[in-house]
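Structure record follows, encoded as structure tokens.
Nothing in this text is a laboratory measurement; each read-out follows from the coordinates by a stated rule. As the structure is a prediction and not an experimental result, all values here were calculated from the model. Glycine also receives a Cβ, built like all others from the backbone with ideal geometry; neighbour counts cover every protein chain displayed.
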Amino acid sequence: MKEQRSIPKHKLTRAASLVKTGAKIGGSYAKYYGKKIATGKDDRNALHEDIAEETYSAFSKLKGGPLKVAQMLSIDQNILPQAYQEQFAQAQYSAPPLSYPLVVRTFKQEFGQSPNDIFDTFTKSAVNAASIGQVHRATIGGETFAVKIQYPGVAESLKSDLRLVKPIAMRIVGLTSKEIDYYFDEVEERLLEETDYTLELKRSQALTAKSSHLANVHFPSYYADFSSTRILTMEWIDGLPLDKWIASEPSQEERNRIGQAMWDFYHFQVHELREFHADPHPGNFLVTGDNQFYILDFGCVKELEDDFYRDYFQLLDMNRVLDDEHFENMLDKLGLLQTSDSSTERELLRELYRESIELLSRPFQRERFDFGDESYVQEIYNFSERTQKDPEIKRLNTARGSRHAIYLNRAYYGLYNLLASMKAVITADIPAELTA
Amino acid sequence: MPKKAASKSPADWIEAYVDYLLEHGEAPKSVFRFAKDQGMGEKAFYQHFASFDALEGEIWKGMVSDTVATLDADADYPEYPAQQKLAAFYYTFLEVALDNRSFLLLRFPGVMLVGAPGYMCKFRKAFTDYIKPVLDQAKGSKEIPERGRLNDSYPNLVYAQLLFIIDYWLKDESAQFQRTDALIEKSIALGFDLIGAQVIDSAFDLVRFLAGDRKSN
């Protein structure tokens, strides 16, 4: 069989290194429970840190799927405890580079020419690593380009990688295969899209054109002539990634301006276009020397169906949420309550969801919202700690809801995180149609 | 019956031979018959090649020399560190080999076996002649450590890697042979890591220790 024949070595070594991780995670748990019994102290955080480090180091050795999944999980606080996120957030910085001869080969395959034939200058080594590719800087005359080149065979190895990651992810979050399938199906679909640079080019051009009227938001230009399925060329933007910009201590005024621009950008995409940039990672936002705010990387884009959009965002209407019957009805529609739940379980979950909605929709409910308010971040943190530790809630609260919510939640968690680290004060409102 | 040509260059003979090989799936029965089919006397064949094996040797050697010629024509190539030179060789070789893929499909994996056909000697020699200066460069730049006589075995190890890559490539069904590209990146990285690491020194040390053990007992 075709698959069997072309995979062996490759897949075997990958499998071996992931199995090792699985075994180590088992070991860490043993250590944790041993310690807990011995000391009577709950050292859960140390446990998570141990495991996160080991999982991350195994993932980072593998290009493609696992690294993407690692990054993906790192942003979903629902699924991963704090310690994992910190480890996985490093994921993008540690990809081993493609050799320059391979870059040349890829160019020849895609354009029939080497980089030096096309550009006046082209850096021999990558200036930036991305999880499924790397970025080189190139120039023609006075113009500077960022050229992203994909690792070979990424699209093909993604599926088998995801299959390898699944058992480990199941172990981390304690879910069964059936419960986690919807998650992996959605992730696989998005990841496969990300390997198609032709699609990314189209989306980048379309979404940036539609968003170009937004104030204080800029996008690089994209160059179709120098792009193909495995190479994507865009304008080079000289700027600091958002996290570094924040570290440079900009004024409150600037932080508010850029925070608001970011909020408006997401608001417009989610609520107007219903198609949004689903990767709010600090590396995807740049601030230039003259404080222009640039948004990059439309590799991961999620489209929302109207029905799902309405069911989901009607949760922002507190009048509906505060009415038990109405609220349960909405939760049923979203798959957050299931027919198999007993009436006490329904009640427990209903109150839990109500609390989380009240908490997470708060920025929408007020005219102005201060993301610098540490008590808010602390409240979210406490809430997730409490729900993650409560065995009854943990049992009920995992793997529910629509697959469409995964990337939407991810985008909003990412957005909240970035706004919180910017300590920005923003103005938000609920789209009129949702409260009608 | 082809028209009688005044003379045939080595390249013409090679082309005719490969055509025959691919159409019939085996070498011609005799030089006499083959030359006659080409409308020539066998003397014209022997003028260039001593045997079919010698001719095949030239095909294999030609793939290496074409690759090296392409590399030498590249402005960036001389500046590459050894590891990248080797990668550039493999990628360029696969481009060249793409013209001969059917021929290679017919000949592999027979050439991988112990007691490979005579024509592979020329291939091996052409490749090791190419790789020796690259490995010397690597030693000079400390990409690989000096290990005395152990270094002498490296050209053969790299040759084994080349055969492994060709074999993988011939079975590769991914788009644009992307999996082979990935294999090249990974196996070169592993190769240089292994050669560079203490692993080999430690293993060597252990073997020497055990060998000494046995002598003293």
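Brief remarks on what is shown
- Dipole of chain B, positive end: most advanced residue of B:210, B:200, B:25 [Cβ charges, Cα centre]: B:210
- Highest mobility in the GNM of chain B, judged by mean-square fluctuation with C-alpha springs under 10 Å and restricted to B:166, B:14, B:131, is found for B:14.
- Estimated inter-spin distance, residue A:124 and residue A:318, nm [label 7 Å along Cα→Cβ]: 6.2 nm
- Shielding of B:70-79 by partner chains, average beta-carbon count, 10 Å: 2
- Look at the alpha carbon pairs under 8 Å that are at least 6 residues apart: their mean separation over the length of chain B gives a relative contact order of 19 percent.
- A straight Cα-to-Cα reach below 14 Å connects residue B:142 with the aspartates and glutamates B:193, residues fewer than 8 places away in its own chain not being considered.
- Those residues of the stretch B:134-149 whose amide nitrogen sits under 14 Å from the label point placed on residue B:201, 7 Å along Cα→Cβ: B:142-148
- Between residue B:19 and residue B:160, the FRET efficiency estimated from the beta carbon spacing at R0 = 35 angstrom works out to 0.65.
- Förster-model FRET efficiency, 56 Å R0, residue B:99 and residue A:377, C-beta, rounded to 0.05: 0.35
- Projecting label points 7 angstrom from Cα along Cα→Cβ for residue A:403 and residue A:248 puts them 4.2 nm apart.
- A crude spin-label estimate for the pair residue A:362 and residue B:7, with each label 7 Å from Cα along the Cβ direction, gives 9.3 nm.
- Exposed-loop-free span, longest in chain B, where trypsin sites (Lys or Arg not before Pro) count as exposed if DSSP calls them loop and at most 15 other C-beta atoms lie within 10 Å: B:30-141
- Legend: mean number of C-beta atoms from other chains within 10 angstrom of residue C-beta atoms, peptide B:171-178, equals 6.
- The value of relative contact order for the stretch B:37-140, using C-alpha pairs under 8 Å at least six residues apart, is 41 percent.
- The stretch between residue A:140 and residue A:189 holds 14.0 nm of extra length on full extension. This uses 0.36 nm per residue minus the Cα-Cα distance.
- Longest site-free stretch - chain B; sites: GluC sites (Glu not before Pro), DSSP loop, at most 14 other Cβ within 10 Å: B:27-145
- Distance from the stretch B:123-140 to the stretch A:277-295 (C-alpha centre basis), Å: 47 Å
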